[in-house]
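Undergrad: So that we are looking at the same thing, I have put the structure below in structure tokens.
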Protein chains: 2
Amino acid sequence: MIKVDVEKRIQDENDRIAAQNRKAFAEAGVLVLNIISSPGSGKTTLLESTLDRIGGEMNVLVIEGDVSTERDMDRVRARGAEGIQINTGGGCHLSAGMIAEVLGGLDLESADVVFIENVGNLICPSTYDLGEDVRMVLLSTTEGDDKPMKYPAIFVEASLAILNKTDLLEHLQFDIEKVAGEIEVLNPGCQILRLSALRGDGMDAWIDWIRAKIAEKKGNS
Amino acid sequence: MIKVDVEKRIQDENDRIAAQNRKAFAEAGVLVLNIISSPGSGKTTLLESTLDRIGGEMNVLVIEGDVSTERDMDRVRARGAEGIQINTGGGCHLSAGMIAEVLGGLDLESADVVFIENVGNLICPSTYDLGEDVRMVLLSTTEGDDKPMKYPAIFVEASLAILNKTDLLEHLQFDIEKVAGEIEVLNPGCQILRLSALRGDGMDAWIDWIRAKIAEKKGNS
């Protein structure tokens, strides 16, 4: 009982801080994406591939969430992105409070888009609002085509689902239509993009999606 | 502060029940393995492939942990295993209490080995003792070779690490020696097996490992 009370209190406090973050992002007119997936689904590779395509055209900030190490931040810095690494020290998701603590160190006013790479986990980050505009989920083809129904929360919460590692489809037993169908059942109208961040297939549609979202955000601010 | 107190109390209570589970497993003389990995690393496929090899030779029980669905239990039942599905309803790991609740429904006395497939999560299950003999981690080659240092807790806690999906190595940028080296740094002496549960490579060494552990357990009971 006390556990439930504490969890409710933590969620309420998170929502309060997330609203403050959302206000700060809106004032800066910057698009913010919260990227969630299992470990190894290709979140950082997607960011690298994205930076290669839009790094010269727009200002990108990255907030990297990890249990340990700065490995992901080193990778996106090598592609020219600025940003901040958050280590949760064992915690299985980012929280709005962790984001609020680092916002002072980021030049939001000059940025067009902030990518928040959450901790690699398909469960815990699902329900923690960080103040983002879009919560999105990555699922890679190597994880098996039974995942949406087995981990429903994030597929219900996300407004964009990316099916990554399509370059490996020919070597796998993975029914991509079945996955798309399960996502549609869980979350009718959820947008689904199919791509290979490593090989580049489908990246143009993703970049177009980002450009359109940024234009929409700037129009509103 | 109250959050820390509650977490400590939950862990203490878990340890108390885990000790009871361990006593029940010891009295039955049954080997118990707690299998932990990210979603889609191949835990259920490993169980299917294992059941195909030892199902006729020994009595196997399976406890399946999932956020939602009975899909994994259906798969191992189709290979002849008996067992029980636990749905955590959003919870990111099994606990000793969840295991204790289902033990009454399992014929431990007749069993040689119990496989507990934990919830697909590389973080939360790491520190929850279920009363098992061996905590083991699966990492698949498709998850990238940077994972042990990024998710250190489970690689520190496990006494067996399985590197799965070696059949896909030729299509990936995955340095298996680097991964083995990182595990050795985190957990010197941790046993490491390399296999493809799907294609069968390396399965003999895993089956031999299970047979030896069962013999060891029966010798002690």
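The values are calculated or read from the model by the stated rules, or taken from the named source; none is laboratory data. From a predicted model like this one, the values you see are computed outputs, not experimental measurements. Because the Cβ atoms are built from the backbone with ideal geometry, glycine has one as well, and the counts that use them run over all protein chains shown.
Undergrad: Looking at region B:172-190, which of its residues are of a type outside the set (D, E, K, R) and surrounded by 15 or more Cβ atoms within 10 Å (Cβ to Cβ)?
TA: First, pick out the residues of region B:172-190 that are of a type outside the set (D, E, K, R): B:172-174, B:176, B:179-181, B:183, B:185-190.
Result: B:L172, B:F174, B:I176, B:V179, B:A180, B:I183, B:L186, B:N187, B:C190.
Okay, residues lined up against (1) within 14 Å of chain A (Cβ to nearest Cβ); (2) within 20 Å of B:D72 (Cα to Cα); (3) in a helix (DSSP H, G or I); (4) modelled with pLDDT under 95:
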residue: B:G89; (1), (2), (3), (4): yes, yes, no, yes
residue: B:I99; (1), (2), (3), (4): no, yes, yes, no
residue: B:V102; (1), (2), (3), (4): no, yes, yes, no
residue: B:V114; (1), (2), (3), (4): no, yes, no, no
residue: B:G120; (1), (2), (3), (4): yes, yes, no, no
residue: B:P125; (1), (2), (3), (4): yes, yes, yes, no
residue: B:V137; (1), (2), (3), (4): yes, yes, no, no
residue: B:I154; (1), (2), (3), (4): yes, no, yes, no
residue: B:A161; (1), (2), (3), (4): no, no, no, no
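Undergrad: Just a yes or no: is a residue in region A:47-59 of a type in the set (D, E, K, R), within 27 Å of A:N220 (Cα to Cα) and in a helix (DSSP H, G or I)? Reasoning before the result, please.
TA: Pass one, region A:47-59, residues of a type in the set (D, E, K, R): A:48, A:52-53, A:57.
Filter once more, so that each one left must be within 27 Å of A:N220 (Cα to Cα): A:53, A:57.
Next, from what is left, pick out any that are in a helix (DSSP H, G or I): A:53.
There is at least one residue in region A:47-59 that is of a type in the set (D, E, K, R), within 27 Å of A:N220 (Cα to Cα) and in a helix (DSSP H, G or I).
Undergrad: Can I ask one more? Do we have B:A81 as more than 12 Å from chain A (Cβ to nearest Cβ), among the small types (G, A, S) and either touching a residue at least 40 places away in the same chain (Cβ under 8 Å) or buried (at least 22 other Cβ atoms within 10 Å of the Cβ) (or both) here?
TA: For B:A81, the condition - more than 12 Å from chain A (Cβ to nearest Cβ), among the small types (G, A, S) and either touching a residue at least 40 places away in the same chain (Cβ under 8 Å) or buried (at least 22 other Cβ atoms within 10 Å of the Cβ) (or both) - is not met.
Undergrad: Examine region B:192-199 for a residue that is modelled with pLDDT of 95 or more, surrounded by fewer than 16 Cβ atoms within 10 Å (Cβ to Cβ) and closer than 19 Å to B:E48 by Cα, and state whether such a residue exists.
TA: There is at least one residue in region B:192-199 that is modelled with pLDDT of 95 or more, surrounded by fewer than 16 Cβ atoms within 10 Å (Cβ to Cβ) and closer than 19 Å to B:E48 by Cα.
Undergrad: Tell me, yes or no, whether region A:24-42 has at least one residue that is among the polar types (S, T, N, Q), part of a helix (DSSP H, G or I) and modelled with pLDDT of 95 or more. Quick ask: steps written out before the conclusion?
TA: Quick first cut of region A:24-42, residues among the polar types (S, T, N, Q) only: A:34, A:37-38, A:41.
Filter once more, so that each one left must be part of a helix (DSSP H, G or I): none.
Checking region A:24-42: not a single residue is among the polar types (S, T, N, Q), part of a helix (DSSP H, G or I) and modelled with pLDDT of 95 or more.
Undergrad: Let me ask something else. From the set of residues in region A:139-152 that are among the charged types (D, E, K, R) and facing another protein chain (nearest Cβ under 7 Å), which is farthest from A:C92 (Cα to Cα)?
TA: Going through the qualifying residues, I end up with A:D146.
Undergrad: On to the next question. Residues in region B:163-180: is at least one touching a residue at least 60 places away in the same chain (Cβ under 8 Å) and not basic (K, R)?
TA: If we filter region B:163-180 for residues that are touching a residue at least 60 places away in the same chain (Cβ under 8 Å), which is where we start, we get B:164-165.
Adding the requirement that they be not basic (K, R) leaves B:164.
Among the residues of region B:163-180, at least one is touching a residue at least 60 places away in the same chain (Cβ under 8 Å) and not basic (K, R), which makes the answer yes.
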